[in-house]
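Undergrad: Below are the structure tokens for one structure; questions will follow.
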Amino acid sequence: MNSRIIFEEMKRRVIAHPTLMDDVPFTVAIRHSMALAELIIRTVLSQDDLVVTDVRCQEKVPGIGHRGVVFDALCFDSCGNMYDVEVQKGRFDDLPRRAAYYEAMLTVHSLDAGSHGYADLPRRCVIFICDGDVEMSGKAMYSYSFKSDDGRQLEEGGRIIFVNGEYRSDDAIGRLMADMNQSDPERAFNEEVRSTLDVLMGEEGARDMSDEMERLYNEAKTEGKVEGKTELAAMMLKEGRYSLEEILKMTGLSAEQVSEAAAKYAVK
């Protein structure tokens, strides 16, 4: 089976049953709906008055002498605060380090975006919506920030949150997690999710998801575009349907590079 046939099969499955826990549908959904990004951040932070004013999907922050990052959805509120919203499927053993690195890169990005000094740093929050319970204790989410041993806050800026995608309860976060894990608009609790799923299930959404996957495929097939190749490898690994041989054929990566992609994107 050649790489194009493998890719078309994968694309068909993603488009037929899109959920917000999958990378491509999530990216397309957020591009279509700033209200969806606002719903997610408001719900996770329990801050109903928060207003999202800008969303940048797949925002790339290059590293200088170190690894860069690609934020799934980089969001800004009306006060200039920054939020990185990520969907995470797969193992979580290195997720704390990855999240800490993302928060650090978010800080770097905030300085590059026009801050004149440390006093100008906005509040920064990295939100990982995971398909499992990171700490295996049944809580809806786990929040971390910089504090002293006696609980005093070092500064108000940096915060990391892991959301338990398996959490189900009759509350705002439980309803949101239920919404993010299914593709039927009629079963969505939140209007923002229902509207977005309607788009994904329609012709426009299917076209946009196809275009996004084609972008990854084309980057993977272009010499030197290692980042695109690793993104595509990560997507195939997450699906859990493809052999190593098929992934190598599709991406043109070496077995070692596929292993690095699995570690980088923390996938199954």
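The values are calculated or read from the model by the stated rules, or taken from the named source; none is laboratory data. Since this is a predicted model, take the numbers as computed values, not measurements. Cβ atoms come from the backbone with ideal geometry, glycine included; neighbour counts cover every protein chain shown. Heads up: the accessible areas ignore ligands, DNA and RNA and are worked out on the full protein's heavy atoms, side chains in. Shrake-Rupley method; radii C 1.70, N 1.55, O 1.52, S 1.80 Å.
Undergrad: Let me spell it out: the conditions are (1) at pLDDT below 95; (2) closer than 24 Å to residue 131 by Cβ, and residue 156 meets all of them except one. Which number is the exception?
TA: (2)
Undergrad: Could you identify the single residue in 4, 13 that is of a type in the set (Lys, Arg), modelled with pLDDT under 90, open to solvent by 20 Å² or more (accessible area, probe 1.4 Å) and in contact with a helix residue (DSSP H, G or I) (Cβ under 8 Å, 6 or more places away or on another chain)?
TA: Working: 4 fails: in contact with a helix residue (DSSP H, G or I) (Cβ under 8 Å, 6 or more places away or on another chain).
Matching residue, one of 4, 13: 13.
Undergrad: When you scan region 136-176, how many residues do you find that are within 19 Å of residue 86 (Cβ to Cβ) and outside any loop (DSSP other than H, G, I, E, B)? It would help to see each step written out before you state the result.
TA: Restricting attention to region 136-176, the residues satisfying the condition of being within 19 Å of residue 86 (Cβ to Cβ) are 139-145, 157-167, 173, 176.
Next, from what is left, pick out any that are outside any loop (DSSP other than H, G, I, E, B): 141-145, 158-164, 173, 176.
Residues in region 136-176 being within 19 Å of residue 86 (Cβ to Cβ) and outside any loop (DSSP other than H, G, I, E, B): 14 in total.
Residue-by-condition table, conditions (1) within 24 Å of residue 34 (Cβ to Cβ); (2) in contact (Cβ under 8 Å) with a residue 40 or more places away in the chain; (3) within 16 Å of the chain's Cα centre (by Cα):
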| position | (1), (2), (3) |
| --- | --- |
| 84 | yes, yes, yes |
| 148 | no, no, no |
| 154 | no, no, no |
| 164 | no, no, yes |
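Undergrad: For region 59-85, name all the residues that are open to solvent by 50 Å² or more (accessible area, probe 1.4 Å) and assigned to a loop (DSSP other than H, G, I, E, B).
TA: Answer for region 59-85, where residues must be open to solvent by 50 Å² or more (accessible area, probe 1.4 Å) and assigned to a loop (DSSP other than H, G, I, E, B): 62, 64, 65, 66, 67, 78, 79.
Undergrad: Being open to solvent by less than 60 Å² (accessible area, probe 1.4 Å) and part of a helix (DSSP H, G or I) is true for just one of 133, 179. Which residue is that? Steps first, answer last, please.
TA: Values: 133 fails: part of a helix (DSSP H, G or I).
Selected residue: 179, the only one of 133, 179 that is open to solvent by less than 60 Å² (accessible area, probe 1.4 Å) and part of a helix (DSSP H, G or I).
Undergrad: Looking at residue 169, is it over 26 Å from residue 36 (Cβ atoms), of a type in the set (Gly, Ala, Ser), modelled with pLDDT of 80 or more and surrounded by fewer than 16 Cβ atoms within 10 Å (Cβ to Cβ)? Can you show your working first?
TA: Details: over 26 Å from residue 36 (Cβ atoms): no; of a type in the set (Gly, Ala, Ser): yes; modelled with pLDDT of 80 or more: yes; surrounded by fewer than 16 Cβ atoms within 10 Å (Cβ to Cβ): yes.
Answer is no for this residue.
Undergrad: If you take the residues in region 35-58 that are surrounded by fewer than 17 Cβ atoms within 10 Å (Cβ to Cβ) and free of Cβ contacts under 8 Å to residues at least 24 places away in the same chain, which one is nearest to the chain's Cα centre (by Cα)?
TA: Top of the filtered list is 56.
Undergrad: Name the helices (runs of 4 or more DSSP H) wholly inside region 201-268 in which the number of residues that are under 16 Å from the mean Cα position of the chain (by Cα) and either small (Gly, Ala, Ser) or at pLDDT 80 or above (or both) is 1 or more. Please lay out each step first, then the result.
TA: Working: elements: 203-221, 226-239, 244-251, 255-265.
Answer list for region 201-268: 203-221, 226-239, 255-265.
Undergrad: Out of contact with any Pro (no Cβ under 8 Å at 6 or more places or on another chain), assigned to a helix (DSSP H, G or I), in contact (Cβ under 8 Å) with a residue 40 or more places away in the chain and open to solvent by 20 Å² or more (accessible area, probe 1.4 Å): is that true of residue 27 in this structure? First the steps, then the outcome.
TA: Numbers: out of contact with any Pro (no Cβ under 8 Å at 6 or more places or on another chain): yes; assigned to a helix (DSSP H, G or I): yes; in contact (Cβ under 8 Å) with a residue 40 or more places away in the chain: yes; open to solvent by 20 Å² or more (accessible area, probe 1.4 Å): no.
Here the answer is no, as residue 27 does not meet what is asked.
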